[in-house]
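Trainee: Here it is: the structure, laid out below.
The values are calculated or read from the model by the stated rules, or taken from the named source; none is laboratory data. Keep in mind that what you see is a predicted model, and the values were worked out from it rather than measured. Here Cβ is always computed from backbone atoms with ideal geometry, including for glycine, and neighbour counts include all displayed protein chains.
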Amino acid sequence: MATDKLQREEKTIKVSALTDGTVIDHLADGTGLRVLRVLGLDKGTTYPVAIGLALDSRKLGKKDLIKIERREITQEEVNKIALISPEATLSIIRETHVVRKFRPEIPDLLESVVRCLNPSCVSNHERIKSRFRVLRRDSLRLRCEYCERAIAADDVELL
Amino acid sequence: MNSRQSPASPATRAEMAARFVGRDVTSMRDFTTDELLFVLDLSEEFERADEPRLKGKILANLFFEASTRTRLSFHAAMARLGGQVIGFADANVSSVSKGESLSDTIRMVENYCDAIVIRHKFEGAARLAAESTHLPVINAGDGANQHPTQTLLDLYTIRRIHGAFEGLRVAFLGDLRYSRTVHSLIESLARFNTELVCVSPPQLRLPADILDDLFERGVRVREEFNPTILPQDVDILYTTRIQKERFPDPVEYEKVKNAYQLDRKALSIYPTRVTVMHPLPRVNEISPDLDDYEGAAYFQQAKNGVTVRKTLLSLVLGAV
C-alpha cells in the first residue's frame, strides 16, 4: 500500500507540467540536498523549485529529483552536478517540450567549481578563479592548476 | 630516453631552442624529457662561455620571499651575459605591502623589463604571474610547490658527476613533506629508471599523492622512517634542511629539527664514495667536516645554479 502511494507520488512529480526550466533526475540517493546547495537554491529563490528525496526508482532503487521552473542551469552548474552525482540525467524544458536531455560530463578542466583545500594556494589569496585539471574520472582525481596538489573525490569541496 | 645523448644537430638545436622563446618556466611538469635534457646539454656549453648575448635586456627579480642563493645567482647569470637586473628582495618594500594584488604588480612590472623571475610564499604564484603577463616568467620557488631552476641545477650536478641518470640509486633524507626541491627532483629522476629511497621521520614523509603517482608509474621507490640509519647501496644522498618556516605547528618542528646529521663518521659505512647533495642553506644536517669530503657536491650545486640560469634566461629571451 505504502509503495503504491510512493509510486503514485513519483509519477505526480514527473508528469506535472513544467513549461520552462530544468529537471534533474536520477540523482544518487542522498545527493539531492547537496545539489540544491551547490546550485544556490537553498538560500531562497524567485523560481519555484520542487525536490523529491528517496523516491523509488527502477534503475537506482532510490533516487533524488529536482525540478527548477523558469531557469535553465548553466554549464558551470552541470559540471558541479557531474562531480556529485555523475549518473544524473538533465532535461531542459522549453514551452513544455524537452529540448535537450543529457548526462552531466566531467570536463577536462574545472574552472570556479572546486575550492582548493591548500591554505597556501594562491587561489585562496588572490581574486582569481580556481582551476583544476581532471586526472582521472573513474575514481575521481583532480590537480589544482596553481599549487599542483592532487586531490581525490573525498576531498573535493565545491564552490 | 637515455639521459646522455649524442650532441644535437644544428637544426635540432635551433628547433629545440625555438620552443623556449618567450616561454614560462613555472613547473618541472611543463618540461618534456627531451626538453629537460636539452637544457642540461646546453648548460654544459654555457658553463664555459660568457658572451654578452643578453646585452640590452632587463630582468626583473621579484623576491616576495627572502632568498640569498637563488636571487644572487639569477643576478649573476644575467650580469655574466651582459644583461641588467631590477627588482626587490623583500615583499615589505614592494607595493604588495600596500595591498596590491599580485596580478597588478606583474602588469606594472612588465613595462620595465624583458623577463620576470618570481619567488613567492604562495603556491601557484608563479603560474598566476605567468598568466598576468606576455613576458616569460621563471619560477624561483612558490611556497612548498615548485622550484624548477633548483631541480635543473640538481640534475645538472648529478649528470656532471655520474655521467647519466639511468640506474642511479638516490636516497632523499630529511624533510620530504615540505621540501619542494625534493618533490620536483623526485618527479624528474623518476623519468630515468632510477631507484629512489625516501628516508624521513614519519611526520615528514613524502606526500601520499606523490608516492601514489610514483607507484602508478612503476618507479622503484621505498620509504624508511629512521633518518639516523643511512640506507645501504646508494650512489647519492640528497639531504634537506628541516624548514622551520613551513611548519604550521612549532611544537612539531621542535620534535624533528635535529632528526639527523651527516658527518664523516656516518659516511664511513660506505665502502666507496657517495655524492652528498644539499640545496642549501644547511643548518645542522651536514657537519662542516664533510666539506672537504670528495663526494661533497653542495657548493658545486650552488655554482651550477648560475650556469643553468644563464641557459634558461638565454633560451626564454631568444638569445641562443
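Trainee: Among the residues of region A:75-99, what is the count of those that are free of Cβ contacts under 8 Å to residues at least 60 places away in the same chain, touching a Ser or Thr at 6+ places or on another chain (Cβ under 7 Å) and charged (D, E, K, R)?
Mentor: Adding up the residues that qualify gives 1.
Trainee: Sticking with this structure for a sec: Condition first: surrounded by 13 or more Cβ atoms within 10 Å (Cβ to Cβ) and not in a strand (DSSP E or B). Now tell me which residues in region B:227-243 satisfy that.
Mentor: Correct list: B:P227, B:L230, B:P231, B:V234, B:D235, B:T240, B:R241, B:I242, B:Q243.
Trainee: Sticking with this one: Name the pairs whose Cβ atoms lie under 7 Å apart, with the first residue in region B:251-267 and modelled with pLDDT of 90 or more, the second of a type in the set (G, A, S), and 6 or more positions between them or separate chains?
Mentor: B:L262/B:S287; B:D263/B:S287
Trainee: Tell me whether region B:76-92 contains one or more residues that are at pLDDT 95 or above, among the polar types (S, T, N, Q) and assigned to a strand (DSSP E or B).
Mentor: yes
Trainee: Quick one: would you say A:S112 is away from chain B (no Cβ under 14 Å) and within 16 Å of the chain's Cα centre (by Cα)?
Mentor: When the stated conditions are applied, A:S112 passes them.
Trainee: List the pairs whose first member sits in region A:119-133 and is in contact (Cβ under 8 Å) with a residue 24 or more places away in the chain and within 7 Å of chain B (Cβ to nearest Cβ), whose second member is hydroxyl-bearing (S, T, Y) and surrounded by 18 or more Cβ atoms within 10 Å (Cβ to Cβ), and whose Cβ atoms are under 8 Å apart, counting only residues at least 6 apart or on separate chains?
Mentor: Once the first residue is in contact (Cβ under 8 Å) with a residue 24 or more places away in the chain and within 7 Å of chain B (Cβ to nearest Cβ) and sits in region A:119-133, its partners that are hydroxyl-bearing (S, T, Y) and surrounded by 18 or more Cβ atoms within 10 Å (Cβ to Cβ) give A:C121/A:Y146; A:V122/A:Y146; A:S123/A:S130; A:S123/A:Y146.
Trainee: Identify, by number, the condition in (1) under 26 Å from A:T45 (Cβ atoms); (2) surrounded by 13 or more Cβ atoms within 10 Å (Cβ to Cβ); (3) not hydroxyl-bearing (S, T, Y) that A:C121 doesn't meet.
Mentor: Evaluating A:C121 over (1) under 26 Å from A:T45 (Cβ atoms); (2) surrounded by 13 or more Cβ atoms within 10 Å (Cβ to Cβ); (3) not hydroxyl-bearing (S, T, Y) leaves (1) as the failure.
Trainee: For region A:134-159: of the residues being among the small types (G, A, S) and facing another protein chain (nearest Cβ under 10 Å), which is surrounded by the most Cβ atoms within 10 Å (Cβ to Cβ)?
Mentor: Ranking the candidates gives A:A150 first.
Trainee: If you go through region B:57-67 one residue at a time, do you hit one that is at pLDDT 95 or above and either within 30 Å of B:R4 (Cα to Cα) or in contact with a Leu (Cβ under 8 Å, 6 or more places away or on another chain) (or both)?
Mentor: Yes.
Trainee: Take region B:51-75 and flag every residue that is touching a residue at least 40 places away in the same chain (Cβ under 8 Å) and either aliphatic (A, V, I, L, M) or assigned to a helix (DSSP H, G or I) (or both).
Mentor: B:L54, B:I58, B:L59, B:A60, B:L62, B:R69, B:T70, B:R71, B:S73, B:F74
Trainee: Here's another thing I want to ask about it. Pick out, from region B:101-203, the strands (runs of 3 or more DSSP E) lying fully within it that include 3 or more residues that are under 21 Å from B:A77 (Cα atoms).
Mentor: In region B:101-203, B:115-120, B:137-142 are the strands (runs of 3 or more DSSP E) which contain 3 or more residues that are under 21 Å from B:A77 (Cα atoms).
Trainee: Please determine whether any residue of region A:60-82 is within 14 Å of chain B (Cβ to nearest Cβ) and either among the small types (G, A, S) or in contact with a His (Cβ under 8 Å, 6 or more places away or on another chain) (or both).
Mentor: no
Trainee: Next question. Residues that are out of contact with any strand residue (DSSP E or B) (no Cβ under 6 Å at 6 or more places or on another chain), within 13 Å of chain A (Cβ to nearest Cβ) and closer than 18 Å to A:C147 by Cα: does region B:148-171 have at least one?
Mentor: The answer is no, given that none of the residues of region B:148-171 is out of contact with any strand residue (DSSP E or B) (no Cβ under 6 Å at 6 or more places or on another chain), within 13 Å of chain A (Cβ to nearest Cβ) and closer than 18 Å to A:C147 by Cα.
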